[in-house]
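The values are calculated or read from the model by the stated rules, or taken from the named source; none is laboratory data. Bear in mind the structure is a predicted one, so any value in this text is a computation, not a measurement. All Cβ positions, glycine included, derive from the backbone under ideal geometry; neighbour counts span all protein chains shown. These accessible areas exclude ligands, DNA and RNA; they are computed on the full protein's heavy atoms, side chains included. Shrake-Rupley method; radii C 1.70, N 1.55, O 1.52, S 1.80 Å.
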Amino acid sequence: MSYYVIKRTLYGLVTAFGLVLLVFGLMKLIPGSVVSQLVDQSAGFDQKKLAEIEAFLGLDRPWYVQFGTWFRDFLMGDMGYSWRSRIAVSQLLGPRLFVTLELAGLATLISVIIIGIPNGLLAAKYKSKWQDTAVRIFSLAALSVPVFWMGSMLILIFSVYFNWSPPLTWVSPTDDLLANISMMALPAFALGLAGAAPLVRMTRNSVLEVKGQNYIRTARSIGNSEIKILFNHALPNASIPIITSAGLQFGFLLGGVVVIEEVFALPGVGRLLLQAISQRDFPVVQACILTIGLFLILLNIFVDILYAYLDPRIRFIKE
């Protein structure tokens, strides 16, 4: 098991370095910069002044020198400074990261525990009946609806029909838990509903496949109830693809926060990323994309280790 963990961690580190290199390269391929915007907006900017600004920002050096300096600072926890505000990127990113992780965590809880697995089990238990049909239609509809539209409709429904709207100022759960939940409930539900649809179908298909095995027939023949068979025998043995799907859905939810944070005016990493893109503040853009990407890599490593722990056959095959 330790060999498998080390090997999977090394793969993750190689992937992380590739992500860092890719993000840096893509930033260099984007046309325009803060300097070019300043030139466009300010009349009388000569080339000498332009060169001084580029030298101050380090844009006059070769790309590999820029990457080496930036990567060294990144490993030391220094993500640079915002080109717009001249504030350290880590200071901009730190408080917003907690908001994004809270939103993604609540959305995952709703997606997996409240909607995904229970509805998948319901559809598997009542295969080919009206309950199964209703759940499958629900999952298809949830998968088809864009996240931003769902968020906008939730705001509209609650404000028009219930005369209530979420607070506009984010409050930490340590300061006021009730106010925090009231603000995070709608965006978490909108995001979790979109992520639950694939999990419902995966849970249903995995449980139905397991229910056709011989040990399930044996458990049924000795008088076990269908509920006991479902939870004690079918679900544990169908957990590997479900866990994998849940891990992928968390990654999907991290990507969805970019949109949902803007809809609900949440001060998270996603909203910071959109603002930085519109301002061409590349150090902030790099930091936001890398933060989300590195979390996805860590999540994939954790999921691989988890289902290798649950099913020893996987780690022996991969070793």
Pick from Ala51, Ala104, Ala308: which is most flexible by mean-square fluctuation in a GNM of the chain where alpha carbon atoms under 10 Å apart are linked? Ala51
Computed helical MRE - 222 nm, the chain, DSSP H runs ≥ 4 contributing -39500 (n - 2.57), nearest 500: -25000 deg cm²/dmol
Test of understanding: what is the full-extension gain from Thr15 to Asp78, defined as 0.36 nm times their sequence separation minus their Cα-Cα distance? 20.6 nm
Any chance you could run the full-extension gain for Val145 through Ser128? It's 0.36 nm times the residue separation minus the Cα-Cα distance, nm to one decimal. 3.6 nm
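Say R0 is 45 Å: what FRET efficiency, to the nearest 0.05, do Leu109 and Lys7 get from their beta-carbon distance?
Approximately 0.90, to the nearest 0.05.
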For the chain, modelled as a Gaussian network with Cα springs under 10 Å, which listed residue fluctuates most, Tyr215, Tyr126, Tyr161? Tyr161
Between Leu103, Leu156, Leu193, which gets the highest mean-square fluctuation from a Gaussian network model of the chain, Cα cutoff 10 Å? Leu156
What helices in the chain pass both tests, a Cα length along the helix axis of 24 Å or more and a mean Kyte hydropathy of 1.6 or higher, using whole DSSP H runs? 282-310
Using Cα Rg over 2.2 N^0.38 Å as the read-out, say which of [x] 1.09; [y] 1.23; [z] 0.99 was calculated from these coordinates. [y]
Probe 1.4 Å - accessible area at Trp70, Å² to nearest ten: 40
In the neighbourhood of Val269 defined by beta carbon distances under 13 Å, the net charge of the other residues (Lys, Arg +1; Asp, Glu -1) is -1
If the chain between Phe71 and Lys228 were fully extended at 0.36 nm per residue, the gain over the current Cα-Cα distance would be 51.1 nm
Find out how many positive minus negative residues lie around Thr203, taking Lys and Arg as positive, Asp and Glu as negative, among other residues whose Cβ is under 14 Å from that of Thr203. +4
In nm, spacing of pseudo-spin labels at Ile157 and Tyr309 (7 Å Cα→C-beta vector): 3.7
Evaluate the distance, in nm, between pseudo-label points positioned 7 Å from the Cα of Phe56 and of Gln213 along their respective Cα→Cβ axes. 6.6
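Note the count of lysine pairs whose C-alpha atoms are less than 16 angstrom apart in the chain, limited to pairs 8 or more residues apart or on different chains.
5
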